[in-house]
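The values are calculated or read from the model by the stated rules, or taken from the named source; none is laboratory data. Note that the coordinates shown come from a computational prediction; the quantities given were computed from them, not determined experimentally. Here Cβ is always computed from backbone atoms with ideal geometry, including for glycine, and neighbour counts include all displayed protein chains. Surface accessibility is based on the protein's heavy atoms, side chains included, excluding ligands, DNA and RNA. Shrake-Rupley method; radii C 1.70, N 1.55, O 1.52, S 1.80 Å.
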Protein chains: 2
Amino acid sequence: MPDVASSAATTDATLRERYGGEVPVGIRSGVGSDDVLALLYRHRSVRRFTDEPVDDATVTAIVAAAQSAATSSNLQAWSVIEVREPARVDAIARLSGDQQFIRDAGVFLVFVADWARARHLAADRSAPADAVDYLESTLVGFVDAALAAQNAVIAAESLGLGTVYVGSVRNAPQQVAELLALPSGAFPVVGLGIGHPDPADAAGIKPRLPQSVVRHRERYRPVESAEVERYDEAVRAYYRTQQQDRGWLQGVLARVRDRSGLHGRHTMRAALRRRGLASR
Amino acid sequence: MPDVASSAATTDATLRERYGGEVPVGIRSGVGSDDVLALLYRHRSVRRFTDEPVDDATVTAIVAAAQSAATSSNLQAWSVIEVREPARVDAIARLSGDQQFIRDAGVFLVFVADWARARHLAADRSAPADAVDYLESTLVGFVDAALAAQNAVIAAESLGLGTVYVGSVRNAPQQVAELLALPSGAFPVVGLGIGHPDPADAAGIKPRLPQSVVRHRERYRPVESAEVERYDEAVRAYYRTQQQDRGWLQGVLARVRDRSGLHGRHTMRAALRRRGLASR
């Protein structure tokens with residue numbers, strides 16, 4: 001039986017890292033000792049993997065978890081493409097910011113917003129599928145894919161594996177779609193590298209904004225600069241442990257300034273339309 | 001210590017429900033005995049709650065889990081509004097398909113795609129925020145909010161609570177945004193009712209498509225009608241246990257046929273623009 005007191009102490013330490021030193025009031029009241037919460041709290045992206053493979057049965061267990069996530073009206077408007085062939089993984093890596101950890105992961109999954117399946121079923125029955133053309137349908141596909149992907153992450157981590165999301169599969173969605181033979185109506189949402197974490201990796205738990213900034217009671221409360229400045233310091237302290245000199249705010253400002261922060265994704269609307277999701 | 005053999009047997013039974021009788025090959029190999037996987041596999045939406053409240057500390061623990069999910073470039077482009085005041089909950093319920101379980105939940109959370117925060121921080125520093133106007137930014141906000149919401153679901157379920165997603169908060173996003181005082185750039189993605197499940201509720205685990213339909217190896221494989229017809233039967237068998245006569249395919253065809261299946265959400269693009277997310 002696990003030692004509940006020591007498990008609670010570990011969760012408390014995890015939460016201190018998660019919030020950069022400050023634990024939200026109320027969280028020490030015993031619920032934090034739950035093992036699943038501890039697993040969720042200690043999430044980090046893993047970008048250094050060992051050579052140990054991720055076998056087929058493991059991916060089967062992970063995809064079953066992904067499928068168990070909620071999906072809008074049980075439409076299941078998503079698919080996942082499991083990529084293992086080195087040449088294909090390498091081609092995706094080159095199109096996705098040339099990030100080496102994509103090649104190093106034991107398996108690479110691409111979660112796809114998938115209206116091709118419903119369209120195909122409608123076409124087989126000579127039924128129209130006009131509602132697919134609306135932006136609402138694109139968003140449902142993206143949300144369904146994201147919910148599934150997040151369950152995959154939790155499942156993988158529960159098995160001792162590490163994961164890293166790769167949003168840059170959207171940098172060149174047309175080429176990625178061709179590599180995966182995606183039909184019209186299927187669009188890459190996010191990649192997920194899964195593998196065995198390199199024990200020598202020193203990356204830790206990245207602090208998040210204070211809960212008071214993200215959680216609003218009844219009505220939205222605009223952020224105060226002092227809250228963000230304190231958080232920026234917590235992020236700086238984290239990056240110092242990684243031998244990096246960076247905070248949070250500069251990254252946010254660079255991302256929103258102009259379309260150069262979008263890595264080519266300012267053409268997303270045209271890319272979706274070209275791939276059969278008119279998003280009107 | 002938990003009995004591993006009986007835990008594996010329970011997980012196996014859960015998976016039979018999840019896939020409508022057939023368990024994907026490979027999943028019996030031992031990994032299925034993991035407790036976290038079992039929790040993920042047995043997810044169901046809960047729409048009947050007891051009167052027992054969901055206290056503040058519990059929501060704090062759940063939001064900490066939501067914040068621990070990955071977020072694109074650590075932007076944290078989401079917020080959550082916790083709604084408890086009965087009049088506000090009732091107003092949201094009326095705007096969201098008038099579903100009684102929204103009122104019955106112990107607490108109602110609205111996950112929001114939030115670029116208002118970054119815009120506010122940029123404006124305070126007289127910096128531009130032009131990249132917010134692209135559809136890619138809208139999608140990042142939706143995906144960030146979905147990843148956070150899914151972690152909230154897992155956290156709540158690990159505490160013995162039940163959850164139900166409410167996509168219909170997007171039926172009337174302008175009015176919902178006003179009720180929550182959302183600033184320009186913040187948009188409701190999905191609601192989440194959380195509460196103590198009514199033990200008398202007979203709802204079970206809804207079958208999903210066979211893994212062979214959703215999981216593709218290297219390249220997308222179009223669905224075959226026979227696979228869907230078998231699945232439709234499994235869904236019919238599930239609904240029979242709920243005293244309902246319905247399958248899967250008819251629902252999909254009705255949803256994609258024309259914009260009437262979108263419950264007013266065919267205006268999503270205009271609604272986003274009006275709420276400060278130009279989505280161009």
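In terms of its C-alpha gyration tensor, region A:169-259 comes out oblate, because a/c is 1.5 or above while a/b does not outweigh b/c. The GNM of chain A, with springs linking C-alpha atoms under 10 angstrom apart, assigns the highest mean-square fluctuation among A:93, A:237, A:66 to A:237.
Which value, in square angstrom to the nearest 100, describes the accessible area buried between chains B and A on both sides, using a 1.4 angstrom probe?
Numbers: alone 15780 and 15750 Å², together 20880 Å².
Buried area (both sides, nearest 100 Å²): 10600 Å².
Summed over the residues of region A:106-188 and divided among them, the accessible surface reaches 19 Å² per residue at a probe radius of 1.4 Å.
Can you check what the Kirkwood hydrodynamic radius comes to for chain A, Cα pairs only, in Å to one decimal?
Details: mean 1/r = 0.0480 Å⁻¹.
By the Kirkwood definition, the hydrodynamic radius is 20.8 Å.
Between identical copies, the spacing of residue A:270 label points, each set 7 Å from Cα toward the C-beta atom, reads 2.6 nm from nearest to farthest.
With N counted as the residues of region A:38-103, its alpha-carbon radius of gyration over 2.2 N^0.38 Å works out to 1.37. Within the shell defined by Cβ-Cβ distances under 10 Å, the residues around residue B:264 carry a net charge of +2, with Lys and Arg each +1 and Asp and Glu each -1.
Each listed q (0.27, 0.32 Å⁻¹) maps to a log10 I(q)/I(0) for region B:239-280, found by the Debye formula over equal Cα scatterers with no solvent: -0.89, -0.97. When you filter the trypsin sites (Lys or Arg not before Pro) in region B:99-138 for DSSP loop state and at most 16 other Cβ atoms inside 10 Å of their Cβ, you are left with B:125.
Show me the helices of chain A, taken as full DSSP H stretches, that run 15 Å or more along their long axis by Cα and average -0.5 or above in Kyte-Doolittle hydropathy. Numbers along the way, then the final one.
Numbers: long enough: A:4-18 (21 Å, -0.30); A:56-68 (18 Å, 0.98); A:135-158 (35 Å, 0.99); A:225-241 (25 Å, -1.12).
Helices passing the filter in chain A: A:4-18, A:56-68, A:135-158.
From the largest down, region B:56-200 spans 55, 30, 24 angstrom on the principal axes of its Cα atoms.
Counting pairs of alpha carbon atoms under 8 Å apart in space and at least six apart in sequence, what relative contact order in percent does region B:73-216 give? Before the final figure, lay out the partial values.
Details: 200 pairs, mean separation 45.8, N = 144.
Averaging sequence separation for qualifying contacts and normalising by length gives 32 percent for region B:73-216.
Sorted from nearest, the other copies put their residue A:259 label points 2.6 nm away, the label point being 7 Å from Cα in the direction of Cβ.
Working note: 222 nm ellipticity from helices only, DSSP H runs with n ≥ 4, each -39,500 (n - 2.57), summed and divided by the residues of chain A, gives -13500 deg cm²/dmol to the nearest 500.
P(r) tail for region A:123-280, what percent of Cα pairs lie past 18 Å?
Percent of Cα pairs beyond 18 Å in region A:123-280: 74.
Within the assembled protein chains, the solvent-accessible surface assigned to residue B:90 is about 50 Å², based on a 1.4 Å probe. Largest first, the extents of the alpha carbon coordinates of the protein assembly as shown on the three principal axes equal 59, 56, 55 Å. Averaging 1/r across all pairs of distinct Cα atoms in region B:150-213 and inverting the result yields a Kirkwood radius of 14.4 Å.
Need one value for A:119-125: mean number of C-beta atoms belonging to other chains within 10 Å of its residues' C-beta atoms.
Working: counts 1, 5, 8, 6, 0, 4, 3.
Whole-number average of other-chain Cβ neighbours for A:119-125 is 4.
Counting only other chain Cβ atoms within 10 Å of each residue's Cβ, the peptide B:247-253 averages 4.
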